[in-house]
1. At 0.36 nm per residue, minus the direct Cα-Cα distance, what do residue 78 and residue 100 gain on full extension? Give it in nm, one decimal, please.
2. Run through the stretch 47-120 and list the GluC sites (Glu not before Pro) located in a DSSP loop whose Cβ has at most 10 other Cβ atoms within 10 Å.
3. Quick one: of 60/151; 54/109; 54/102; 109/151; 54/151, which pairs are farther than 20 Å apart, Cα to Cα?
4. Among 43, 116, 65, pick out the residue whose Cα is farthest towards the positive end of the charge dipole of the stretch 43-150, where Lys and Arg carry +1 and Asp and Glu carry -1 on C-beta, about the Cα centre.
5. How would 46, 129 line up from fewest to most surrounding beta-carbon atoms within 10 angstrom?
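A short reminder: the numbers here are calculations on the coordinates, not readings from a lab. Here the structure is a predicted model, which is why all the values come from computation and not from measurement. All Cβ positions, even for glycine, are placed from backbone atoms using ideal geometry, and neighbour counts span all protein chains on display.
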Amino acid sequence: MTISDFRSFLFSSMAACTAIGIIALTMLIPHSDAAADESRATGVYFENLKDGGKVRSPFKVIMGVEGMTVAPAGTMDEGTGHHHLIVNRTFISPGQIIPADKEHLHFGKGETETELTLPPGQYTLTLQFADGLHRSYGEDMARTIRIEVEK
Ligand SMILES: [Cu+2]
């Protein structure tokens, strides 16, 4: 084998390796699609509070949303809505209007943070996103955490 023969052998085996590499990458594509779907996920989240966390009153609640846009109540553009905080109650079924009372707080100006004052004790806080007419986007756009308000 001459040096040039060896080179061409090397190149052809590199080409073969590249081909195998391409096949392997092709096989991986469904995986990278799944990862892209996750990054496009929609939902709401508490930016500064953890499930099982402890706080003292008054405490700040920062409300986050992914895949939708915060807009003031009355805005009926698709993909928009506003936050609600539900204290010691569960999420609201899709399409149902969220009540306005002590346990259901509306952030109809498009607020993304608030301050809560709660007596010491155990609570659940549910963040619920709903449309411009306060109609719930359901459990998919809700998040519930437990917190303890300390003395
Ligand atoms: Cu509302």
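1. Details: separation 22, 0.36 × 22 = 7.92 nm, distance 2.29 nm.
Stretched out fully, the residue 78 to residue 100 stretch lengthens by 5.6 nm.
2. Values: sites: 47, 66, 78, 103, 111, 113, 115; in loops: 47, 78, 103, 111.
Passing sites in the stretch 47-120 are 78.
3. Numbers: 60/151 16 Å; 54/109 28 Å; 54/102 22 Å; 109/151 31 Å; 54/151 10 Å.
From the list (60/151; 54/109; 54/102; 109/151; 54/151), the Cα-Cα distance tops 20 Å for 54/109; 54/102; 109/151.
4. Final value for the positive-end residue is 116.
5. Working: 46 19, 129 26.
Lowest to highest Cβ neighbour count: 46, 129.
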